[in-house]
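*Asks:* Have a look at this one before I ask anything.
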Amino acid sequence: MLDSNKLTASAAPGSSGAFRILDLSMELVLMILSFLSHEEIVLFSLTCKTASRLFCHLWPPHPKGGGSQPPWMPSGRFMFLDLLSVDLPYHFVCNRCRKLHSHRGLTLGGQCPRHNSIVVVRSHRYRIHKGTMTFGPLWPQYAFSHNEAREVMLCDRYGPECGLPISHLSISTDWKLARLGTACNNPYFIHGYVKLDTEAVVMYRSLFFHKIQRIWLLPDKLKSFLNYNVDRAIEQVFKSCCHETNIKASFSPGLHILDWRRLDGMCVRDTISEFQCMAQRSARLPQPAGLEGWDTDNFDSRPQTLGGCRHCMTDYAFTIHNHGRAGVEIIFDVFQDLGSCDSKTCNKWAYCWGDVYLDYPSSIHRRQTYPVIHPRLFPTAPGKSAKGHPSAPTPEDIWELHEYERRARLGRRA
């Protein structure tokens, strides 16, 4: 039991003169929490063990599972917290955070029925209005709205005097250095160079969008990067749609059923070749892609070709290029059929970037609803390397990534 007048071991301010919120009495803390939103209360309870114990004490688990509504909590807020345990998968944090904050009061019967982790809302930093196409935390400065896409369709239909040109949806960035995710989903502090390109075409009165996200790693970091993100949403690096991006089914065999111990005895070159072949088999390519990308003339467009999101019209595939001592380039191609962008007659944009949610049990059921988006629609071939770009990193730049990772680890420990 928590003392109602004392939340911390010592109620006196610290020696530095700082006064912590938990040094206040429980009544004052509860009064402060009453001004917070639903999301902010959950985030507050995850800041430290004392805040977590306070929250669990105020909302203890029900003996038969579930939770009992505390008297100070409105019914709407209680319902929100109760539904967190069965929310969408991309709201769940990683196992590392779950170990740090074991939050029994938020789950049914002490354990989540769908995932062995706690629930947390997305960061306020990247919260953008629903219906907006975004490109993940690595590219927060870029976004396309539904109105912009509709203006592009009007321009294509009625001429330049109406709407925006299709080039408005084109992005081409330089390579830049970045840490590939936060400490939660990148505990090895892997750094790399990243690049973003987009293009769009209008065919059959529908807007088709092609997004190319590239990362350039040290050769020996490919296995660690893929291994740690097998069971995690990888939207910190690769953003496909408004739903979670899971990479495990984009390789054949899937990364979740791969015998990772078999790779331990391989050299770096053979390990990279193994992942290259797995990505090639997943995309049903007759031969490995060269630096110019896939041979789209011989592309196999059968229903099982290309993986994708089970909740919208988004297809994606991986291509891996081994540049020797100059590093490894991972290319993530995303294809979307956004329809006519008319919300009155077509919901395809809402499926990919809005609040319309589909749920297919398998890729076979998904393909029965809409076919594969043929990559030949777009000017740029999937899997095309950006090694020749003027801003591409040199081999010296790639090997300096060791130093960036070392500094990040030392800074974390400090």
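*Asks:* Give a residue-ordered list of calculated ³J(HN,Hα) values for segment 210-218 (Karplus: 6.51 cos²θ - 1.76 cosθ + 1.60, θ = phi - 60°; whole Hz; x for Gly, Pro).
*Replies:* 10, 10, 10, 10, 10, 9, 10, 10, 5
*Asks:* Roughly to the nearest percent, how much of the accessible area of segment 340-383 is carbon and sulfur, given a 1.4 Å probe?
*Replies:* On segment 340-383, the fraction of accessible area on carbon and sulfur atoms equals 52 percent.
*Asks:* Another question about this same structure. Write down the accessible area per residue of segment 317-398 in Å², having rolled a 1.4 Å probe over the full set of protein chains.
*Replies:* I get 44 Å² per residue for this part.
*Asks:* Still on this structure, I have one more. Cross-link list 223/384; 239/384; 248/344: which exceed 27 angstrom alpha carbon to alpha carbon?
*Replies:* Pairs exceeding 27 Å: 248/344.
*Asks:* I've got another one for you. Taking the Cα-to-Cβ direction at residue 201 and at residue 374 and moving 7 Å from each Cα, how far apart do the two end points lie in nm?
*Replies:* According to this spin-label approximation, the distance is 0.9 nm.
*Asks:* While we're looking at this one, here's another question. What order do you get for 157-163, 323-329 when each peptide is scored by the mean count of other beta carbon atoms within 10 Å, highest first?
*Replies:* 323-329, 157-163
*Asks:* Could you run the Karplus curve 6.51 cos²θ - 1.76 cosθ + 1.60 with θ = phi - 60° over segment 394-409 and give me ³J(HN,Hα) per residue in whole Hz, x for Gly and Pro?
*Replies:* For segment 394-409, the Karplus curve yields 7, x, 5, 4, 5, 6, 6, 4, 4, 5, 4, 5, 5, 5, 5, 5 Hz.
*Asks:* With every protein chain kept in the model, how would you rank 387, 348, 195 by accessible area, 1.4 Å probe, largest at the top?
*Replies:* Order by accessible area, largest first: 387, 348, 195.
*Asks:* Can you figure out the FRET efficiency of residue 171 with residue 400, using R₀ = 22 Å and their beta-carbon distance, to the nearest 0.05?
*Replies:* Once the sixth-power term is evaluated, E becomes 0.25.
*Asks:* If you roll a 1.4 Å probe over segment 240-313 with all protein chains in place, what percent of the accessible area is carbon or sulfur?
*Replies:* Summing carbon and sulfur atoms, their accessible area is 47 percent of the total for segment 240-313.
*Asks:* Here is a follow-up. For segment 26-35, what does the Karplus curve 6.51 cos²θ - 1.76 cosθ + 1.60, with θ = phi - 60°, yield as ³J(HN,Hα) per residue in whole Hz, taken in order and with x for Gly and Pro?
*Replies:* 4, 4, 5, 4, 5, 5, 5, 5, 5, 8
*Asks:* Here's a follow-up. What is segment 288-414's relative contact order, in percent, from Cα pairs under 8 angstrom and six or more apart in sequence?
*Replies:* Value for segment 288-414: 32 percent.
*Asks:* For residue 209, what is the net charge nearby, where nearby means another residue's Cβ is under 10 Å from its Cβ and Lys, Arg count +1, Asp, Glu -1?
*Replies:* -1
*Asks:* Further, regarding this structure: To the nearest 0.05, how large is the calculated FRET efficiency for residue 355 and residue 158 if R₀ is 22 Å and r is the Cβ-Cβ distance? Before the final figure, lay out the partial values.
*Replies:* Values: r = 29 Å, r/R0 = 1.33.
My answer for the efficiency is 0.15.
*Asks:* Also: Please compute the per residue accessible area over segment 143-215 with all protein chains in place, 1.4 Å probe, rounded to a whole number of Å².
*Replies:* Working: 3110 Å² over 73 residues.
Value returned for segment 143-215: 43 Å² of accessible area per residue.
*Asks:* Quick check: net charge around residue 391, other residues with Cβ under 10 Å of its Cβ, Lys/Arg +1 and Asp/Glu -1?
*Replies:* With Lys, Arg at +1 and Asp, Glu at -1, the neighbours total +1.
*Asks:* Okay, next question. Report the charge-dipole magnitude of segment 160-303 in Debye, nearest 20, computed about the Cα centre from +1 at each Lys and Arg Cβ and -1 at each Asp and Glu Cβ.
*Replies:* Approximately 360 debye in magnitude.
The values are calculated or read from the model by the stated rules, or taken from the named source; none is laboratory data. This is a predicted model, so every value here is computed, not measured. All Cβ positions, glycine included, derive from the backbone under ideal geometry; neighbour counts span all protein chains shown. Accessible surface is based on the protein model in full, side chains and every heavy atom, while ligands, DNA and RNA are left aside. Shrake-Rupley method; radii C 1.70, N 1.55, O 1.52, S 1.80 Å.
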